[in-house]
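Let me begin by presenting the structure, written as structure tokens, before commenting on it.
No value in this document is a laboratory result; all are computed from the given coordinates. For clarity, every value in this text was computed on a predicted model and none was experimentally measured. Note: ideal-geometry Cβ built from the backbone for every residue, glycine included; neighbour counts use all protein chains shown.
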Amino acid sequence: MRHWTTLLVAAALAVSAAAPATTAQARPQDPAVPDCAWHPLGYQSSNVAYPDTNSEYWLLHYTVQDGLAITLDGRYPDARYASFASYDDTHNSFTGPDGAPSVLTDHRLTPDHGSQNPYQRRARPGGKFAVTVTDRAAGKHNALPLSPAGAAEGTDGTVIYRVYLPHGKIRLPKVTFHRDGRRVHVAACADARTSAPAAVPDTTRDAAPAPSSTPARPVFARQGGMALYPNPDNAYIAAGFDAPPPGQVLVVRGKAPIAPVGNRARPWPDPKAQLRYWSMCDNLWWGPGEVVANPLPDGTVDPGCRADLDTRLAADGTYTYVIGTEEQRATIEKIPDATFLPLSAATPTAKHVLILRDMLAAADFAEAIQQVPAGSGPADTARVMGDYYPRTAYCDLTTLTASGADACPVS
């Protein structure tokens with residue numbers, strides 16, 4: 001993914017041995033820049049790092065250089081959420097040498113003069129802002145740290161631009177590298193604005209045989225970012241599970257947090273919301289972190305994530321996810337208040353992992369995943385989350401169809 005160009009450096013003039021010695025005057029250097037800006041990352045392109053299928057991601061790679069700064073001139077998108085985050089060479093977020101955090105969320109972006117931020121007050125999206133990536137980020141508006149303290153020159157770094165639930169076209173920021181008074185503009189990658197065909201599960205992998213008995217029910221526990229570009233605004237719980245036996249499905253039930261309605265830019269914090277966004281995603285256990293993406297006969301794709309706005313709720317505010325095969329989908333969707341979540345069509349009997357995301361929890365939401373200490377086991381996770389903790393059970397699909405989700409008690 002990283003193709004780096006060789007840049008102009010100060011040329012040393014060749015002199016003969018007989019020539020008098022001279023002192024070369026240092027010449028400012030151009031910053032080393034990548035071939036292009038904003039490589040797309042997500043389930044429609046590379047499908048790695050457990051992407052949420054309701055979001056879009058773009059990566060800007062760079063090498064750490066003394067005196068380097070990068071400016072990102074952008075426009076506020078019309079979307080539920082957007083952010084910029086910088087990462088070190090281990091693909092993790094960090095704190096800069098001066099203590100600045102490596103994430104800048106939409107509502108913290110100061111608009112350019114004459115523009116307004118729709119995540120701060122009600123305004124039309126499209127206003128302008130500028131972000132600077134620099135090791136002098138603390139206390140500055142719209143600044144992200146370039147690298148953690150002690151990072152050597154030449155170390156890799158990455159900025160990720162994330163947009164969740166976009167409404168309409170996303171304009172990618174213009175990128176400029178600055179060093180020693182020199183400026184180099186970097187054009188967007190050729191595929192930055194092109195949606196690649198949706199990822200198709202790898203059918204060459206050996207699928208496990210269908211289980212003959214009901215597996216142990218899966219349990220959720222608090223996860224960190226798994227060193228794969230974690231979003232600092234998100235917190236996760238995950239549960240690995242074995243495929244249901246023939247005729248059965250996996251049921252997951254819990255209380256749904258309150259999130260803003262729709263996919264438009266709105267001011268945050270929102271006094272009526274507990275979270276900015278949440279989702280449940282089904283992923284493959286092995287490999288680089290693939291999310292399920294099943295190609296359908298009509299040429300579309302059934303993605304393995306359901307966002308809050310795609311999740312059906314019962315009158316008491318609870319959700320019921322029913323995880324099964326595409327062949328079971330039509331039957332599952334007839335169950336009152338149930339939301340279908342797909343197993344991999346290519347390897348339905350392989351082990352999967354469910355991930356529940358909570359984004360930007362309100363300060364008074366005590367049951368948010370953010371309140372669970374990282375590394376907590378299932379019991380401690382359930383204790384903090386209370387009714388919001390997702391509980392599970394395997395169940396016969398015929399039972400659910402005949403009697404509804406309440407006929408399959410979860411624990």
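For the chain, DSSP calls about 90 percent of its internal beta bridges antiparallel. Ordering of 234-244, 382-392 by packing is 234-244, 382-392, highest average first (other Cβ atoms within 10 Å, averaged per residue).
What shape does region 39-186 have by the C-alpha gyration tensor, where a ≥ b ≥ c are the square roots of the eigenvalues, rounded means a/c under 1.5, and otherwise prolate means a/b greater than b/c and oblate the rest? It is oblate, given that a/c is not under 1.5 and a/b is not larger than b/c. Give the relative contact order (percent, whole number) for the chain; include only Cα pairs under 8 Å separated by 6+ residues. Relative contact order for the chain comes out at 19 percent. Most tightly packed first, judged by the mean number of other beta-carbon atoms within 10 Å of their residues, the peptides 72-81, 162-171 read 72-81, 162-171. Dipole magnitude for the chain: about 1180 debye, using +1 per Lys or Arg Cβ and -1 per Asp or Glu Cβ, origin at the Cα centre. Each other residue within a Cβ distance under 11 Å of Tyr43 adds +1 if Lys or Arg and -1 if Asp or Glu, for a net charge of -3. A DSSP coil position with no more than 16 other Cβ atoms inside 10 Å describes the following chymotrypsin sites (Phe, Trp or Tyr not before Pro) in region 283-337: Trp285, Trp286. By the rule of a C-alpha distance below 13 Å, with chain neighbours fewer than 8 residues away ignored, no aspartates and glutamates are paired with Lys334.
Per-residue ellipticity at 222 nm computed for the chain from its helices equals -1000 deg cm²/dmol, with DSSP H segments shorter than 4 residues left out and the rest contributing -39,500 (n - 2.57). The dipole here belongs to region 244-336: it is taken about the Cα centre, uses +1 on the Cβ of Lys and Arg and -1 on the Cβ of Asp and Glu, and is about 500 debye. The string of couplings for region 54-65 from the Karplus curve (6.51, -1.76, 1.60, θ = phi - 60°) is 9, 10, 10, 10, 9, 10, 10, 8, 8, 10, 5, 9 Hz, one whole number per residue in order, with x for Gly and Pro. With each label modelled as a point 7 angstrom along the Cα→C-beta vector, the Asp310-Ala138 pair spans 4.2 nm.
Contact order, relative form, for region 221-407: 34 percent (alpha carbon pairs under 8 Å, 6 or more residues apart, mean separation divided by residue count). With 30 Å as the limit on Cα-Cα distance, the pairs of Lys174/Lys255; Lys272/Lys351; Lys169/Lys272 that go past it are Lys174/Lys255; Lys272/Lys351.
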